[in-house]
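What follows is a short report on a single structure.
The values are calculated or read from the model by the stated rules, or taken from the named source; none is laboratory data. Keep in mind that what you see is a predicted model, and the values were worked out from it rather than measured. Methodologically, a virtual Cβ is constructed for each residue, glycine included, from the backbone with ideal geometry; neighbour enumeration extends over all protein chains shown. What goes into the accessible areas is simple: the full protein's heavy atoms, side chains included, and nothing from ligands, DNA or RNA. Shrake-Rupley method; radii C 1.70, N 1.55, O 1.52, S 1.80 Å.
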Amino acid sequence: MRIGNKILVFIAGFCLPAVVLVSYCLGYWFDHRVEQLRQDNVQHELTNVQQQFHIDLDRLSFLTNIYASPLSRVDGDLLESIESSWRESAISANLHWFILQGGQLQSVLANTSSIALPTQQEIARAVLAADKPQLAGAYLAGNVGLVVTAVAVAPEEFVLLVRQLSAQDLLEYAQVPLVTQVQMSSSNLATAKDYVGFVPIPSLLKNTPLYLQVQFSTEPFQEVKLDLDWVSVGIILLGVLIVALGYIWLRAGLLKPFKSMMKQLALVDPTASVYRPVSGEGNAELEVLASRVNSLLARIYQ
(Lines give C-alpha, C1' and ligand atoms only; values in the text may rest on other atoms or scores of the structure.)
Protein backbone atom coordinates (compact mmCIF):
# COMPACT_ATOMS: atom_id res chain seq x y z
CA MET A 1 0.00 0.00 0.00
CA ARG A 2 1.31 3.44 -0.92
CA ILE A 3 2.25 5.97 1.73
CA GLY A 4 -0.53 8.34 0.59
CA ASN A 5 -3.13 5.61 0.95
CA LYS A 6 -1.80 4.69 4.36
CA ILE A 7 -2.13 8.31 5.47
CA LEU A 8 -5.71 8.41 4.20
CA VAL A 9 -6.49 5.19 6.07
CA PHE A 10 -4.91 6.65 9.20
CA ILE A 11 -7.02 9.80 8.92
CA ALA A 12 -10.29 8.05 8.03
CA GLY A 13 -9.82 5.08 10.35
CA PHE A 14 -8.24 6.71 13.38
CA CYS A 15 -8.30 10.51 13.39
CA LEU A 16 -11.92 11.13 12.40
CA PRO A 17 -13.36 8.40 14.72
CA ALA A 18 -11.24 9.85 17.53
CA VAL A 19 -12.70 13.33 16.89
CA VAL A 20 -16.26 11.98 16.83
CA LEU A 21 -15.68 9.91 19.99
CA VAL A 22 -14.21 12.86 21.89
CA SER A 23 -17.11 15.08 20.79
CA TYR A 24 -19.64 12.47 21.86
CA CYS A 25 -17.95 12.10 25.24
CA LEU A 26 -17.93 15.87 25.71
CA GLY A 27 -21.63 16.06 24.80
CA TYR A 28 -22.45 13.26 27.21
CA TRP A 29 -20.43 14.96 29.94
CA PHE A 30 -22.21 18.27 29.31
CA ASP A 31 -25.62 16.56 29.45
CA HIS A 32 -24.61 14.89 32.69
CA ARG A 33 -23.58 18.24 34.16
CA VAL A 34 -26.85 19.82 33.04
CA GLU A 35 -28.80 17.00 34.67
CA GLN A 36 -26.82 17.47 37.88
CA LEU A 37 -27.53 21.20 37.72
CA ARG A 38 -31.25 20.48 37.23
CA GLN A 39 -31.34 18.12 40.19
CA ASP A 40 -29.49 20.61 42.41
CA ASN A 41 -31.89 23.40 41.41
CA VAL A 42 -34.91 21.16 41.99
CA GLN A 43 -33.70 20.17 45.45
CA HIS A 44 -32.89 23.77 46.32
CA GLU A 45 -36.30 24.92 45.12
CA LEU A 46 -38.11 22.19 47.09
CA THR A 47 -36.26 23.29 50.22
CA ASN A 48 -37.16 26.91 49.49
CA VAL A 49 -40.85 26.06 48.99
CA GLN A 50 -40.92 24.17 52.27
CA GLN A 51 -39.26 27.06 54.12
CA GLN A 52 -41.67 29.62 52.62
CA PHE A 53 -44.66 27.52 53.65
CA HIS A 54 -43.38 27.25 57.24
CA ILE A 55 -42.74 31.00 57.32
CA ASP A 56 -46.32 31.61 56.17
CA LEU A 57 -47.59 29.15 58.78
CA ASP A 58 -45.61 30.90 61.53
CA ARG A 59 -47.01 34.28 60.48
CA LEU A 60 -50.57 33.00 60.66
CA SER A 61 -49.87 31.47 64.07
CA PHE A 62 -48.47 34.79 65.28
CA LEU A 63 -51.53 36.62 63.94
CA THR A 64 -53.84 34.15 65.65
CA ASN A 65 -52.07 34.65 68.98
CA ILE A 66 -52.54 38.42 68.67
CA TYR A 67 -56.26 38.29 67.86
CA ALA A 68 -57.25 35.26 69.96
CA SER A 69 -57.71 37.01 73.29
CA PRO A 70 -59.60 40.09 71.97
CA LEU A 71 -61.96 38.02 69.83
CA SER A 72 -62.84 35.67 72.67
CA ARG A 73 -63.60 38.42 75.20
CA VAL A 74 -65.04 41.45 73.43
CA ASP A 75 -68.41 42.02 71.88
CA GLY A 76 -70.65 44.90 70.86
CA ASP A 77 -69.01 48.18 69.78
CA LEU A 78 -65.46 46.99 70.39
CA LEU A 79 -66.01 43.94 68.22
CA GLU A 80 -67.41 46.16 65.47
CA SER A 81 -64.31 48.37 65.74
CA ILE A 82 -62.00 45.34 65.39
CA GLU A 83 -64.12 44.12 62.50
CA SER A 84 -63.86 47.48 60.72
CA SER A 85 -60.09 47.67 61.09
CA TRP A 86 -59.76 44.05 59.98
CA ARG A 87 -61.71 44.68 56.77
CA GLU A 88 -59.53 47.67 55.93
CA SER A 89 -56.30 45.74 56.39
CA ALA A 90 -54.54 44.30 53.35
CA ILE A 91 -54.14 40.85 54.92
CA SER A 92 -57.83 40.05 55.31
CA ALA A 93 -58.24 38.43 51.88
CA ASN A 94 -58.91 34.66 51.97
CA LEU A 95 -58.65 34.70 55.79
CA HIS A 96 -61.54 33.47 57.95
CA TRP A 97 -61.90 33.76 61.73
CA PHE A 98 -63.81 31.23 63.76
CA ILE A 99 -64.50 30.58 67.42
CA LEU A 100 -64.81 26.93 68.38
CA GLN A 101 -67.35 26.48 71.20
CA GLY A 102 -69.34 23.39 72.07
CA GLY A 103 -67.78 21.47 69.18
CA GLN A 104 -69.11 23.97 66.60
CA LEU A 105 -67.36 26.69 64.60
CA GLN A 106 -68.87 30.16 64.68
CA SER A 107 -67.74 32.74 62.13
CA VAL A 108 -66.58 36.06 63.59
CA LEU A 109 -65.58 39.47 62.22
CA ALA A 110 -68.51 39.12 59.79
CA ASN A 111 -66.33 37.43 57.21
CA THR A 112 -68.32 35.51 54.63
CA SER A 113 -66.80 32.05 54.81
CA SER A 114 -66.62 29.98 51.62
CA ILE A 115 -65.65 26.89 53.61
CA ALA A 116 -68.27 24.16 53.41
CA LEU A 117 -70.00 23.06 56.60
CA PRO A 118 -68.68 19.44 56.50
CA THR A 119 -65.16 20.84 56.19
CA GLN A 120 -65.74 23.12 59.17
CA GLN A 121 -66.97 20.20 61.23
CA GLU A 122 -63.95 18.06 60.37
CA ILE A 123 -61.60 20.93 61.22
CA ALA A 124 -63.36 21.35 64.57
CA ARG A 125 -63.00 17.64 65.35
CA ALA A 126 -59.31 17.70 64.40
CA VAL A 127 -58.60 20.67 66.69
CA LEU A 128 -60.41 19.06 69.62
CA ALA A 129 -58.76 15.69 69.02
CA ALA A 130 -55.28 17.23 69.05
CA ASP A 131 -55.87 18.50 72.59
CA LYS A 132 -53.10 21.12 72.35
CA PRO A 133 -53.12 24.78 73.41
CA GLN A 134 -51.86 25.74 69.96
CA LEU A 135 -52.24 23.95 66.66
CA ALA A 136 -51.15 24.73 63.11
CA GLY A 137 -51.37 22.60 59.98
CA ALA A 138 -52.68 22.18 56.47
CA TYR A 139 -55.97 20.67 55.43
CA LEU A 140 -57.08 19.53 51.98
CA ALA A 141 -60.78 19.97 51.26
CA GLY A 142 -61.30 18.38 47.85
CA ASN A 143 -59.00 20.35 45.56
CA VAL A 144 -58.81 23.38 47.87
CA GLY A 145 -55.87 23.76 50.22
CA LEU A 146 -56.40 25.32 53.65
CA VAL A 147 -54.02 26.43 56.38
CA VAL A 148 -55.51 26.26 59.88
CA THR A 149 -54.08 27.80 63.05
CA ALA A 150 -55.84 27.48 66.41
CA VAL A 151 -55.18 28.94 69.87
CA ALA A 152 -56.96 27.78 73.01
CA VAL A 153 -58.62 30.58 75.03
CA ALA A 154 -60.53 28.32 77.46
CA PRO A 155 -61.13 24.62 78.01
CA GLU A 156 -62.45 23.21 74.71
CA GLU A 157 -62.71 26.73 73.32
CA PHE A 158 -60.44 27.91 70.52
CA VAL A 159 -59.98 30.82 68.18
CA LEU A 160 -59.19 29.65 64.65
CA LEU A 161 -57.73 31.44 61.67
CA VAL A 162 -58.25 29.61 58.39
CA ARG A 163 -56.57 30.70 55.18
CA GLN A 164 -57.72 29.43 51.81
CA LEU A 165 -54.77 28.97 49.46
CA SER A 166 -55.42 29.76 45.81
CA ALA A 167 -53.23 28.53 42.97
CA GLN A 168 -51.50 31.92 42.87
CA ASP A 169 -50.88 31.86 46.62
CA LEU A 170 -49.19 28.47 46.34
CA LEU A 171 -47.14 29.56 43.33
CA GLU A 172 -45.76 32.51 45.32
CA TYR A 173 -43.88 30.03 47.50
CA ALA A 174 -41.61 29.21 44.52
CA GLN A 175 -39.55 30.90 41.83
CA VAL A 176 -41.90 31.41 38.91
CA PRO A 177 -39.41 30.88 35.99
CA LEU A 178 -38.42 27.49 37.34
CA VAL A 179 -41.78 26.31 38.74
CA THR A 180 -45.01 26.25 36.74
CA GLN A 181 -47.45 25.00 39.38
CA VAL A 182 -47.70 24.26 43.09
CA GLN A 183 -50.66 22.43 44.58
CA MET A 184 -51.53 20.62 47.78
CA SER A 185 -51.76 16.84 47.50
CA SER A 186 -52.33 13.85 49.74
CA SER A 187 -50.11 11.61 47.58
CA ASN A 188 -46.42 11.81 46.73
CA LEU A 189 -46.41 9.43 43.75
CA ALA A 190 -45.20 10.60 40.34
CA THR A 191 -43.38 9.17 37.33
CA ALA A 192 -39.82 10.15 36.47
CA LYS A 193 -41.00 12.01 33.35
CA ASP A 194 -43.33 14.35 35.23
CA TYR A 195 -40.61 16.69 36.58
CA VAL A 196 -42.54 16.85 39.85
CA GLY A 197 -41.22 17.16 43.38
CA PHE A 198 -43.00 16.72 46.69
CA VAL A 199 -42.52 18.62 49.94
CA PRO A 200 -44.01 17.23 53.19
CA ILE A 201 -45.94 19.84 55.19
CA PRO A 202 -47.60 19.73 58.64
CA SER A 203 -51.07 18.23 58.43
CA LEU A 204 -54.01 19.14 60.61
CA LEU A 205 -55.13 15.50 60.64
CA LYS A 206 -52.78 13.12 62.41
CA ASN A 207 -53.11 10.14 60.07
CA THR A 208 -53.37 12.10 56.80
CA PRO A 209 -49.98 13.27 55.48
CA LEU A 210 -50.02 16.19 53.09
CA TYR A 211 -47.53 17.38 50.48
CA LEU A 212 -46.93 20.36 48.28
CA GLN A 213 -46.67 19.05 44.73
CA VAL A 214 -44.24 21.23 42.77
CA GLN A 215 -44.34 21.07 38.97
CA PHE A 216 -41.06 22.17 37.36
CA SER A 217 -40.55 23.68 33.93
CA THR A 218 -38.14 21.90 31.56
CA GLU A 219 -37.58 24.81 29.16
CA PRO A 220 -34.47 26.33 30.86
CA PHE A 221 -32.67 22.98 30.83
CA GLN A 222 -33.77 22.12 27.27
CA GLU A 223 -32.36 25.44 26.05
CA VAL A 224 -29.03 24.67 27.69
CA LYS A 225 -28.95 21.20 26.12
CA LEU A 226 -29.73 22.69 22.69
CA ASP A 227 -26.78 25.07 23.01
CA LEU A 228 -24.54 22.20 24.05
CA ASP A 229 -25.61 20.21 20.96
CA TRP A 230 -24.48 23.05 18.71
CA VAL A 231 -21.20 23.18 20.63
CA SER A 232 -20.69 19.46 19.98
CA VAL A 233 -21.35 19.90 16.25
CA GLY A 234 -18.92 22.84 16.21
CA ILE A 235 -16.24 20.73 17.90
CA ILE A 236 -16.70 17.95 15.35
CA LEU A 237 -16.47 20.37 12.40
CA LEU A 238 -13.42 22.05 13.91
CA GLY A 239 -11.75 18.69 14.41
CA VAL A 240 -12.48 17.66 10.81
CA LEU A 241 -11.08 20.98 9.57
CA ILE A 242 -7.88 20.52 11.58
CA VAL A 243 -7.46 16.97 10.23
CA ALA A 244 -8.04 18.21 6.66
CA LEU A 245 -5.45 20.97 7.10
CA GLY A 246 -3.01 18.41 8.50
CA TYR A 247 -3.52 16.16 5.47
CA ILE A 248 -2.95 19.10 3.09
CA TRP A 249 0.25 19.97 4.94
CA LEU A 250 1.47 16.35 4.78
CA ARG A 251 0.62 16.13 1.10
CA ALA A 252 2.52 19.32 0.28
CA GLY A 253 5.51 18.67 2.55
CA LEU A 254 5.95 14.90 2.19
CA LEU A 255 3.91 13.18 -0.49
CA LYS A 256 4.64 15.59 -3.38
CA PRO A 257 8.43 15.71 -2.79
CA PHE A 258 8.54 11.94 -2.38
CA LYS A 259 6.49 11.44 -5.55
CA SER A 260 8.77 13.83 -7.43
CA MET A 261 11.83 11.92 -6.26
CA MET A 262 10.31 8.60 -7.37
CA LYS A 263 9.70 10.05 -10.85
CA GLN A 264 13.32 11.17 -11.05
CA LEU A 265 14.52 7.70 -10.09
CA ALA A 266 12.25 6.17 -12.71
CA LEU A 267 13.95 8.29 -15.39
CA VAL A 268 17.46 7.09 -14.49
CA ASP A 269 19.03 5.20 -17.46
CA PRO A 270 21.67 2.65 -16.34
CA THR A 271 23.15 2.47 -19.86
CA ALA A 272 23.72 6.22 -20.18
CA SER A 273 27.26 7.61 -20.07
CA VAL A 274 26.28 10.35 -17.63
CA TYR A 275 23.54 10.60 -15.03
CA ARG A 276 21.30 13.38 -13.85
CA PRO A 277 21.48 13.93 -10.07
CA VAL A 278 18.31 13.24 -8.11
CA SER A 279 16.76 16.17 -6.24
CA GLY A 280 15.23 15.59 -2.78
CA GLU A 281 13.77 18.98 -1.90
CA GLY A 282 10.96 19.22 0.61
CA ASN A 283 12.37 17.94 3.90
CA ALA A 284 15.68 16.92 5.45
CA GLU A 285 15.06 13.17 5.23
CA LEU A 286 14.48 13.25 1.46
CA GLU A 287 17.58 15.39 0.98
CA VAL A 288 19.66 12.78 2.83
CA LEU A 289 18.08 10.00 0.77
CA ALA A 290 18.73 11.90 -2.48
CA SER A 291 22.36 12.43 -1.46
CA ARG A 292 22.83 8.71 -0.82
CA VAL A 293 21.17 7.82 -4.14
CA ASN A 294 23.37 10.30 -6.02
CA SER A 295 26.48 8.84 -4.41
CA LEU A 296 25.40 5.33 -5.45
CA LEU A 297 24.66 6.45 -9.02
CA ALA A 298 28.05 8.15 -9.24
CA ARG A 299 29.80 4.93 -8.31
CA ILE A 300 27.73 2.91 -10.76
CA TYR A 301 28.47 5.26 -13.67
CA GLN A 302 32.17 5.37 -12.85
**Prompt:** Going by the conditions given, is Ala126 of a type in the set (Gly, Ala, Ser), assigned to a strand (DSSP E or B) and touching a Leu at 6+ places or on another chain (Cβ under 7 Å)?
**Reply:** no
**Request:** Kindly list the number of the only condition in (1) open to solvent by less than 70 Å² (accessible area, probe 1.4 Å); (2) not in a helix (DSSP H, G or I) that fails for Leu254.
**Result:** (2)
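Out of region 163-176, which residues are touching a helix residue (DSSP H, G or I) at 6+ places or on another chain (Cβ under 7 Å) and not hydroxyl-bearing (Ser, Thr, Tyr)? Give the derivation first.
So in region 163-176, the residues touching a helix residue (DSSP H, G or I) at 6+ places or on another chain (Cβ under 7 Å) come out as 163, 173-175.
Those that are touching a helix residue (DSSP H, G or I) at 6+ places or on another chain (Cβ under 7 Å) and not hydroxyl-bearing (Ser, Thr, Tyr): Arg163, Ala174, Gln175.
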**Prompt:** When you look at Gln50, is it farther than 19 Å from Thr149 by Cα and either open to solvent by less than 70 Å² (accessible area, probe 1.4 Å) or at pLDDT below 85 (or both), yes or no?
**Reply:** no
**Message:** Six or more apart or on different chains, Cβ atoms under 9 Å: show the pairs whose first residue is in region 147-168 and basic (Lys, Arg) and whose second is outside any strand (DSSP E or B).
**Reply:** Arg163/Asp56; Arg163/Leu60; Arg163/Asn94; Arg163/Asp169
**Request:** Find all pairs meeting these conditions: Cβ atoms under 7 angstrom apart; at least six residues apart or on different chains; first residue within region 259-283 and touching a residue at least 60 places away in the same chain (Cβ under 8 Å); second residue of a type in the set (D, E, K, R).
**Result:** none
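Filter region 282-300 for residues that are modelled with pLDDT of 75 or more and not small (Gly, Ala, Ser) and give the result. Even if it seems obvious, please write down each step before you answer.
Of region 282-300, the ones modelled with pLDDT of 75 or more are 284-300.
Passing the criteria: Glu285, Leu286, Glu287, Val288, Leu289, Arg292, Val293, Asn294, Leu296, Leu297, Arg299, Ile300.
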**Item:** The listed residue being closer than 26 Å to Thr47 by Cα and modelled with pLDDT of 80 or more, out of Ala129, Ala167
**Value:** Ala167
**Prompt:** Just a yes or no: is a residue in region 58-70 modelled with pLDDT of 85 or more, under 30 Å from Phe198 (Cβ atoms) and either part of a strand (DSSP E or B) or aromatic (Phe, Trp, Tyr) (or both)?
**Reply:** yes
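Taking the residues in region 19-43 that are hydrophobic (A, V, I, L, M, F, W, C) and touching a residue at least 24 places away in the same chain (Cβ under 8 Å) as candidates, determine which candidate is nearest to Val179 (Cα to Cα).
Val42
I'm trying to understand the selection: among the residues of region 257-266, which are basic (Lys, Arg) and either open to solvent by less than 50 Å² (accessible area, probe 1.4 Å) or closer than 15 Å to Leu8 by Cα (or both)?
So the first thing to find is which residues in region 257-266 are basic (Lys, Arg), and the list is 259, 263.
If the condition is that a residue be basic (Lys, Arg) and either open to solvent by less than 50 Å² (accessible area, probe 1.4 Å) or closer than 15 Å to Leu8 by Cα (or both), then no residue fits.
Considering only residues of region 168-182 that are among the hydrophobic types (A, V, I, L, M, F, W, C) and surrounded by 12 or more Cβ atoms within 10 Å (Cβ to Cβ), which is nearest to Gln120 (Cα to Cα)?
First pass over region 168-182, keeping only residues among the hydrophobic types (A, V, I, L, M, F, W, C): 170-171, 174, 176, 178-179, 182.
Then keep just the ones that are surrounded by 12 or more Cβ atoms within 10 Å (Cβ to Cβ); that gives 170-171, 174, 178-179, 182.
Numbers: Leu170: 22, Leu171: 25, Ala174: 29, Leu178: 35, Val179: 32, Val182: 24 Å.
Here the residue is Leu170.
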**Request:** Tell me which residues, restricted to region 267-287, are under 28 Å from Ile7 (Cβ atoms), of a type in the set (A, V, I, L, M) and open to solvent by less than 80 Å² (accessible area, probe 1.4 Å).
**Result:** Val268, Val278, Ala284, Leu286
